[in-house]
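Every number in this text was worked out from the coordinates using simple rules, so none of it is lab data. Note that the coordinates shown come from a computational prediction; the quantities given were computed from them, not determined experimentally. Virtual Cβ from ideal backbone geometry, glycine too; neighbours counted across all protein chains shown.
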Amino acid sequence: MKTDIKNLPKSQVEITIELSEEELKPYLERASERLASQSKIEGFRPGKAPYDIVKARFGEHAILEEATSEIVKKTYLQVVKENNLKTIGSPKIDVEKMASNNPFVFKATAALLPDTTLGEYKKLDIKKSEAIVEEKSVNEALNNLVKMQSKEVLTDKTATKTDKVVIDMDMLKDNVPVEGGQAKDMVVYLREEHYIPGFNEQLVGVKKDDEKEFDLDFPKEHYQKHLAGAKVHFKVKVKDVFEIQPPKLDDDFAKTLGQKSLEELTRLIKENLQAEVTRKNEVKWEMDVLNKIVDNSKFSDVPEILINEEVHRMVHELEDNVAKQGVPFEDYLKSINKTESDLKLEFAPEAVKRIKISLVIREISHAEKIEVSDKEILEEVERMMNVYKDNADAQTQIKTPEFANYIKSNLENKKVVDLIKENN
């Protein structure tokens, strides 16, 4: 195996690896077995067809493609280990030559672990905020419970500011229907703020089967630029009006929620809010301490590859959170009037901060000789297996060596954070 290693600017390294035809053979044979096990080949049990038969069936290029992932992964890690390269994150892989009866050549561009000079990380004297729950927060929580338990009763009366209406709606701009501006059976809670100022006020006083037309100005900061600040004409047909009947906030209401009295319900809510504020303060304090350690430390250049990888992770985290709320990510981006590229640019400084935090945690782990035993890893694997006992795919992933390394890293990080908390 031939290797060529070049140091690049900004803490990066470029590794070119070439495997001869002879060195490729075991990889191709294993790839052939995988292809044979995935498709039925007449006369042979799955995975048992000879190499030449598989080659005739799928072609040598298909075998090469199947083998590529294993070739790259194993040889890259081997070269990194043999040359004691302190790489971090996932490398960028470019396959430069992949052809039958030829050497296999690929280039890996990887980020090197930035040099870190650890600063003071003990006795930093950073104060933790006091967990204070205001009466206003307790009352808001109680009112939200009342809203959740309210009844919606169909009525022929005119709608009030606290009612719900169901409407069909058409929007027109300059007498032309607005794209996406038509809605059937649209639910509007008149007590809640609408994204178009004045919309709910126009529906106060309507009743079932009413038809109404009115003009409103869209907000100037609206994410749809062709509607931002524009005057839009609305045609509304009222399908139904529901009177919202909230329960009385008293002891009987508290009993419906499993509490003996309103006083007990109020106390429970306050305790829960107190616990939540305490948790948030704890998380903020931990971050304040870690950021202070970063400020006390010195770093060489953080590689762009590493920054881009962290930014991508942050965007993915945001996308997952938005999806959990049932909102398509494209719609979310429109609502904040930004592109994914805008987000990546905004996330870059925070990504650098995250990377530096992981670097100081790593350095503290070395300084304090923190270790994670095989027993601790095994216990965490068993715990995760139990959590995902009904998910076969997750269990398969948990059993992999890569996941064990991931668990080891997480446990090390937790021990470091616990140590930092004990000493600050």
message: Name the residue from Leu318, Ser365, Gln224 whose Cα lies farthest towards the positive end of the charge dipole of the chain, charges +1 on Cβ of Lys and Arg and -1 on Cβ of Asp and Glu.
response: Ser365
field: For q = 0.12, 0.18, 0.28 Å⁻¹, Debye-computed log10 I/I(0) when each Cα of region 9-63 counts as one equal scatterer
entry: -0.38, -0.61, -1.09
query: Going toward the positive end of the dipole of the chain, with +1 on Lys and Arg Cβ and -1 on Asp and Glu Cβ, which of Thr3, Gly180, Ala108 do you reach last?
result: Thr3
statement: Computed ³J(HN,Hα) along region 251-262: with the Karplus parameters 6.51/-1.76/1.60, θ = phi - 60°, integer Hz and x for glycine or proline, the list is 4, 4, 4, 4, 5, 5, 9, x, 10, 6, 7, 5
query: R0 = 45 Å: FRET efficiency of Asn83 with Asp390, Cβ-based, nearest 0.05?
result: 0.55
field: Crossing angle, helix 60-82 versus the chain [Cα axis fit, 0-90 degrees, rounded to tens]
entry: 80
- prompt: Shape of region 204-350 from its Cα gyration tensor (a ≥ b ≥ c, root eigenvalues): rounded if a/c is under 1.5, otherwise prolate when a/b > b/c, or oblate?
  reply: oblate
task: Express the relative contact order of region 221-292 as a whole percentage, based on alpha carbon pairs under 8 Å and six or more residues apart in sequence.
output: 12
message: Run through region 90-149 and list the GluC sites (Glu not before Pro) located in a DSSP loop whose Cβ has at most 13 other Cβ atoms within 10 Å.
response: Glu120, Glu130, Glu134
message: At a threshold of 8 angstrom on Cα-Cα distance, excluding pairs fewer than six apart, so keeping six or more, what relative contact order does the chain reach in percent?
response: 16
statement: Computed curve, region 2-113, Cα-only Debye sum without solvent term, log₁₀ I(q)/I(0) at 0.12, 0.21 Å⁻¹, is -0.48, -1.03
- request: Mind giving me the FRET efficiency for Lys334 and Asp170? R0 is 35 Å, r the Cβ-Cβ distance, nearest 0.05 is fine.
  value: 0.95
query: Check Lys239: other-chain or 5+ apart residues with amide H under 5 Å from its amide H, H built from backbone geometry?
result: Val166, Ile167, Asp168, Asp209
message: With a cap of 14 neighbouring Cβ atoms within 10 Å, and only residues DSSP puts in a loop, list the GluC sites (Glu not before Pro) found in region 343-385.
response: Glu368, Glu371
- request: Using a 10 angstrom cutoff on alpha carbons, build the Gaussian network for the chain and name the most mobile of Asn391, Asn84, Asn321.
  value: Asn391
message: From Cα pairs below 8 angstrom and at least 6 apart in sequence, can you work out the relative contact order of region 151-245, rounded to a whole percent?
response: 43
field: In Hz, Karplus ³J(HN,Hα) per residue of region 409-424 (6.51, -1.76, 1.60; θ = phi - 60°; x = Gly, Pro)
entry: 4, 4, 5, 4, 4, 5, 5, 5, 4, 4, 5, 4, 5, 5, 9, 9
field: 0 to 90° range, to nearest 10: angle between helix 340-367 axis and the chain longest Cα axis
entry: 60
message: Using the Cα centre of the chain as the reference point, and only Cβ charges (+1 on K/R, -1 on D/E), how large is the resulting charge dipole? Debye, rounded to the nearest 20.
response: 480
statement: In nanometres, the difference between 0.36 nm per residue of separation and the alpha-carbon distance of Lys161 and Ala99 is 15.1 nm
- request: Only helical DSSP H runs with n ≥ 4 go in: add -39500 (n - 2.57) per run for the chain, normalise by residue count and round the 222 nm mean residue ellipticity to 500 deg cm²/dmol.
  value: -16500 deg cm²/dmol
message: Quick check: the distance between the Cα centres of region 266-305 and region 1-68, to the nearest angstrom?
response: 47
- prompt: Between region 363-407 and region 408-424, how many Å separate their Cα centres?
  reply: 16
task: Compute log10 of I(q)/I(0) for region 151-245 with the Debye formula, placing one identical point scatterer on every Cα and leaving out solvent, at q = 0.12, 0.18, 0.19, 0.22 Å⁻¹, to two decimals.
output: -0.37, -0.79, -0.87, -1.10
- request: Within region 57-101, find all residues whose amide N lies under 13 Å from a label point positioned 7 Å from the Cα of Phe44 along Cα-to-beta-carbon.
  value: 57-60, 63
task: Mind checking the full-extension length gain between Ile196 and Lys127? Use 0.36 nm per residue of separation minus the Cα-Cα distance, one decimal, nm.
output: 20.5 nm
- line: Among Asp301, Asp168, Asp288, the residue with the largest mean-square fluctuation in a Gaussian network model of the chain built from Cα contacts under 10 Å is Asp168
- request: May I have the extent of the alpha carbons of the chain along their three principal axes, as whole Å values ordered from largest to smallest?
  value: 86, 62, 46
task: Within region 315-349, report the trypsin sites (Lys or Arg not before Pro) that DSSP leaves as loop and that have at most 14 other Cβ atoms within 10 Å.
output: Lys338
message: Suppose each label sits 7 Å from its Cα in the direction of the beta carbon; what would the Val327-Val146 distance come out to in nanometres?
response: 2.8
- line: Taking r as the C-beta separation of Thr256 and Ser137 and R0 as 22 Å, the FRET efficiency to the nearest 0.05 is 0.50
query: For the chain, with the dipole built from +1 on Lys and Arg beta-carbon atoms and -1 on Asp and Glu ones, taken about the Cα centre, which of His194, Leu268, Tyr332 lies farthest toward the positive end?
result: Leu268
